[in-house]
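The structure under discussion appears below in the form of structure tokens.
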Amino acid sequence: MNKRVLSLLGMAFLAYTTYAQEKTQDSVTIEQLETVVLDTKFKLNREKSGKVIYTISQNDLAKVKGQSLAQTISTVSGIEITGAKSNTGSVLGYRVRGGNSRQVVILIDGIQVNDPSNINAEFDLRSLDVNNIESLEIIKGGVSTLYGTGATSGVINITTKKATDKNVDAAVFMSMGSNRSVVTDKYNLNTATVGATINGTLKKLNYLAAISTENTKGMSAKRSFDEAVTFEDDPFKRENASLRLGYKFSEAFNLGSFVNYNMFENQFDNSFGTPDGYNKAESENVQFGLTSEYTYNKGSIVLNSSIAQTDRESTSLTSKSTYASNSIIIDLYNKYKFNTNFWTVIGVNVQEQKATQASTPYGSSTLVTAYNKDITKVTLVDPYANLTYFTNFGLNINAGIRMSNHTNFGSHVVYSINPSYNFKPSEKLDTKIFATGSTAFIAPTIYQQYSPDYGFKDLEAQESINGELGFELRYNKKHRFSAVVFHREDQNKIEFKNIYDTVSGWWIGGVYYNLDNDNVKTQGLELEADLKLAKKLNLTANYTLTQFEKDALSLNVPKHKANANLAYVLKENTNLSLTYQFIDDRFIYGGDRLDAYSITSFFINHQLTDNLELNGSLFNIFDEDYTETAAASTLGRNYKLGLRLTF
């Protein structure tokens, strides 16, 4: 029988039997007092927000322990992170509502993170340990007025764990398991993660220190399609350390500081020629930051700032390349509530980015600088304002404006307007309808302009227009359903063009360029459901339809995608989760398409004592054979076992 059918039948059977057993107990009303922040920078009850904002709580993360951060984010409607189900060291691509990595902004604790030396200047999620993350909040669509250039298709805010109120609170955690591809029969112990945290509050001082490391082997980056040929392992190693200190000077003023260290190294195979090859990449990121908030009558002044340095190196048997980048980010804003109906945010965001690249020419061992930080220095100074107005009859309006001032691309004004309306058709049904219109400005990255191999210095800035229309229903304060249609038009869209020899047909290079045709249109539909099927049984599911004008623009993005998570509380301290993901076929370079596939996984989490938590997972239960990205190895059936001990 088809594995997809078996997965769905299994989920349906578990849901039915549990519902039958607990139907008599299902009179309990479950209401989540959920607040969101991303769309206004104020803590706001979800029903008053004019967006469908996806939140992943610490409880949600605990139910799927064993899953990577990228795999977790990829279960959100409208999001596909390529590489998340391949070798652990695989490069990740962030595709939100069909956009690329340049069109997504990533925040950690409200502060934007990036790497100006990367192709899309994106922050690398491979460098983070999911064990140190408290929650995630994700907003999709254009939100450039609050989060600047690049926030065209979405913003992902990652909140790290904070100090508790105890004087001393410590924990150690570890996990281990297999790391086999779909073409390997052995279930060897090939991946392990271990870490520790200590935190607490001593009067007005709070502190948190965390360290962790991960080591993974057992898979090649590329897949061998010849059963007689085995490719060598391409291992992955990650190290993380962080220190946070905060001081509460008074009820009105607090100051925080942090330093984060993230390092990973991985081996990878060749992109051309013989697939299996010895190549090594290393990345080291250090970030220092300062935060503060001063609260006064009806308002507060907030400062979020950071300085980051990233060094990367890529080495093969015949060449070596080094990359380095610096970024400074300062976000200073004032939040003010004139009254219960009218709230404002006025601020200024300043960014400075620099990058350098050096490489060895073919046949040489001497590094030659391709571009340096003096040439590539970029500064952005963006004043912005946002207002939120709540009427007494259910209509709410959220609107913003931002002037982005870029040293190379001048001034660009972007705006957004987001009206929403709340009403109750019946006593048990809460309804919200909303619409959004916004514009965005995206500057080319340093790499896209200055890369000696693929860059084009005369690239123009990309501009986007976003629109969405949707509704959200809450029935009996237990069930939630939402539907959103979205449409985006990108002007001067920056793409990569492959260049082939006209005689042999062999690939000989490529270049970044602006599409000079009409606006590139992307549109789609997102459906989400969160259903309390019984007192101890919950089903979350989503579906995404993404459509492009041309297949060539839909690289690695499925037209249809669906996710489901059936969570069951077996006992008070035991949680079971069965997840299902369907990925439609996808277009890849060369005009080929990758086949559709589905993955079913199982997770268990048990609080054995007040201090000891045990967890386990079985990824890809049916050992589905699939291809995530062209020629790459993919994860087969794998197990993980873990524990967390607090004291």
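The values are calculated or read from the model by the stated rules, or taken from the named source; none is laboratory data. From a predicted model like this one, the values you see are computed outputs, not experimental measurements. Cβ coordinates were reconstructed from backbone atoms using ideal geometry, including for glycine residues, and neighbour counts include every protein chain displayed. For the accessible areas, the whole protein counts, side chains as well, though only heavy atoms, and no ligand, DNA or RNA atoms are used. Shrake-Rupley method; radii C 1.70, N 1.55, O 1.52, S 1.80 Å.
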Scalar couplings 3J(HN,Hα) for the range 49-59 by Karplus 6.51 cos²θ - 1.76 cosθ + 1.60 (θ = phi - 60°), nearest whole Hz, x for Gly and Pro, are 6, x, 9, 9, 9, 8, 10, 10, 7, 4, 5
Under a 1.4 Å probe, counting only protein heavy atoms, Met176 has an accessible area in Å², nearest 10, of 70
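As a test of the formula, what do you get for the chain when each DSSP H run with n ≥ 4 contributes -39,500 (n - 2.57) and the sum is divided by the residue count, at 222 nm and rounded to the nearest 500 deg cm²/dmol?
Numbers: 6 runs with 44 residues, N = 647.
It comes out at -1500 deg cm²/dmol, rounded to the nearest 500.
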The set of residues whose placed amide H lies less than 5 Å from the amide H of Asp234, leaving out same-chain residues fewer than 5 positions away, is Gly218, Met219, Ser220, Ala221
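Quick one: net charge of Ser77's neighbours, Cβ under 10 Å, K/R +1, D/E -1?
With Lys, Arg at +1 and Asp, Glu at -1, the neighbours total +1.
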Rounded to whole angstrom, the alpha-carbon centroid of the range 571-645 lies from that of the range 496-554 at a distance of 22
If every Lys and Arg gets +1 and every Asp and Glu gets -1 at its Cβ, then about the Cα centre the chain yields a dipole, in debye to the nearest 20, of 1920
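Could you tell me which GluC sites (Glu not before Pro) in the range 220-264 are loop residues by DSSP with no more than 10 other beta carbons within 10 angstrom of their beta carbon? Spell out each step's value before the answer.
Details: sites: Glu227, Glu232, Glu239, Glu251; in loops: Glu227, Glu232, Glu251.
Hits after loop and neighbour filter: Glu227, Glu251.
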With every protein chain in place, the accessible area of Leu473 for a 1.4 Å probe, in Å² rounded to the nearest 10, comes to 50
One finds the C-alpha centres of the range 425-492 and the range 233-252 to be spaced, in Å, by 30
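Classify the range 102-235 as rounded, prolate or oblate, taking a ≥ b ≥ c as the square roots of the eigenvalues of its Cα gyration tensor: rounded when a/c is under 1.5, otherwise prolate if a/b is larger than b/c and oblate if not. Display every interim value, and only then the final one.
Working: a/c = 3.17, a/b = 1.28, b/c = 2.47.
Note, shape of the range 102-235 comes out oblate.
Counting heavy atoms of the protein chains only and a 1.4 Å probe, report the per residue accessible area for the chain as a whole number of Å². Kindly include the intermediate steps, with their values, before the conclusion.
On the way: 28920 Å² over 647 residues.
Each residue of the chain exposes 45 Å² on average to a 1.4 Å probe.
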With every protein chain in place, the accessible area of Leu527 for a 1.4 Å probe, in Å² rounded to the nearest 10, comes to 50
In terms of the charge dipole of the range 154-256, which places +1 on Lys and Arg and -1 on Asp and Glu at the beta carbon, the residue among Thr184, Phe173, Asn199 farthest towards the positive end is Asn199
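Going from most exposed to least, what order do Leu317, Leu614 have by accessible area with a 1.4 Å probe? Don't skip to the end; give the middle numbers.
Details: Leu317 150, Leu614 65 Å².
Descending accessible area places them as Leu317, Leu614.
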Excluding ligands, DNA and RNA, the carbon-plus-sulfur percentage of the accessible area of the chain with a 1.4 Å probe reads 57
Yeah, the range 388-434 with a ≥ b ≥ c from its alpha-carbon gyration tensor (a/c under 1.5 is rounded, else prolate when a/b outruns b/c, oblate otherwise) is prolate
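Let me check against my output: what whole-number percent is the relative contact order of the chain, with C-alpha pairs under 8 Å and at least 6 apart?
Values: 1805 pairs, mean separation 87.0, N = 647.
Over the chain, the number comes to 13 percent.
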Between the residues Phe123, Asn266, Ser426, the Cα farthest towards the positive end of the dipole of the chain, that dipole coming from +1 and -1 charges on the beta-carbon of Lys, Arg, Asp and Glu, is from Ser426
If every Lys and Arg gets +1 and every Asp and Glu gets -1 at its Cβ, then about the Cα centre the range 575-647 yields a dipole, in debye to the nearest 20, of 260
Once Lys and Arg are counted +1 and Asp and Glu -1 for all other residues with Cβ under 11 Å from that of Leu61, the total becomes +1
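Within the range 550-639, report the chymotrypsin sites (Phe, Trp or Tyr not before Pro) that DSSP leaves as loop and that have at most 16 other Cβ atoms within 10 Å. Working shown, then result.
Numbers: sites: Tyr568, Tyr580, Phe582, Phe587, Tyr589, Tyr597, Phe602, Phe603, Phe619, Phe622, Tyr626, Tyr639; in loops: Tyr589, Phe622, Tyr626.
Qualifying residues, ordered by number: Tyr589, Phe622.
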Given backbone amide H placed at 1.01 Å from N, residues whose amide H is under 5 Å from that of Thr445, ignoring those fewer than 5 places away on the same chain, are none
In order over the range 411-421: 3J(HN,Hα) from phi, Karplus 6.51/-1.76/1.60, θ = phi - 60°, whole Hz, x for each Gly or Pro, gives 9, 9, 9, 10, 9, 8, 9, 9, x, 8, 9
Any GluC sites (Glu not before Pro) in the range 493-576 that lie in a DSSP loop and have at most 15 other Cβ atoms within 10 Å would be Glu549, Glu572
Mean Cβ-within-10 Å packing, highest first, puts peptides 505-513, 410-418 in the order 410-418, 505-513
For the range 152-163, Karplus-derived ³J(HN,Hα) couplings (6.51, -1.76, 1.60; θ = phi - 60°; whole Hz; x for glycine and proline) come out as 9, 10, x, 9, 10, 9, 9, 9, 7, 5, 10, 5
